[in-house]
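Readers should treat all values here as calculations from the given coordinates under stated rules, not as data from a laboratory. Small disclaimer: the values here were computed from a predicted structure and weren't measured. Because the Cβ atoms are built from the backbone with ideal geometry, glycine has one as well, and the counts that use them run over all protein chains shown.
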Amino acid sequence: HPTLDEVIAWSRSFEMMMRSPEGRDVFREFLRSEYSEENLMFWIACEDLKKETNPSAIDEKARIIYEDYVSILSPKE
């Protein structure tokens, strides 16, 4: 469970919350309760893509993001 100091830091900085695995879990549960979990999943996929250095992996991850979140036929669009 997060410490009180962590929760206070999260209340002051969304970025701090997103840097913390526990913070992301708490936020994911909130989004799930609002039927909006795909928004966080999209952000996580984009953050993962930004860290990728292998060109073929970049292409694949970008394609998956497009198919999963951007395309009009996407289940999470």
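Dipole of the chain, Cα-centred, from +1 at each Lys and Arg C-beta and -1 at each Asp and Glu C-beta, to the nearest 20 debye?
Numbers: 10 positive and 17 negative charges, 28 e Å.
With only Lys, Arg, Asp and Glu charged at Cβ, the dipole is about 140 debye.
Here the sum of -39500 (n - 2.57) over DSSP H runs of 4 or more residues, divided by the residues of the chain, equals -21000 deg cm²/dmol at 222 nm, to the nearest 500. For the chain, relative contact order (Cα pairs under 8 Å, six or more residues apart, normalised by length) works out to 15 percent. On a 0 to 90° scale, report how tilted helix 21-33 is relative to the longest principal axis of the chain, with both axes built from alpha carbons and the result rounded to the nearest 10. With rounding to tens, the tilt is 80 degrees.
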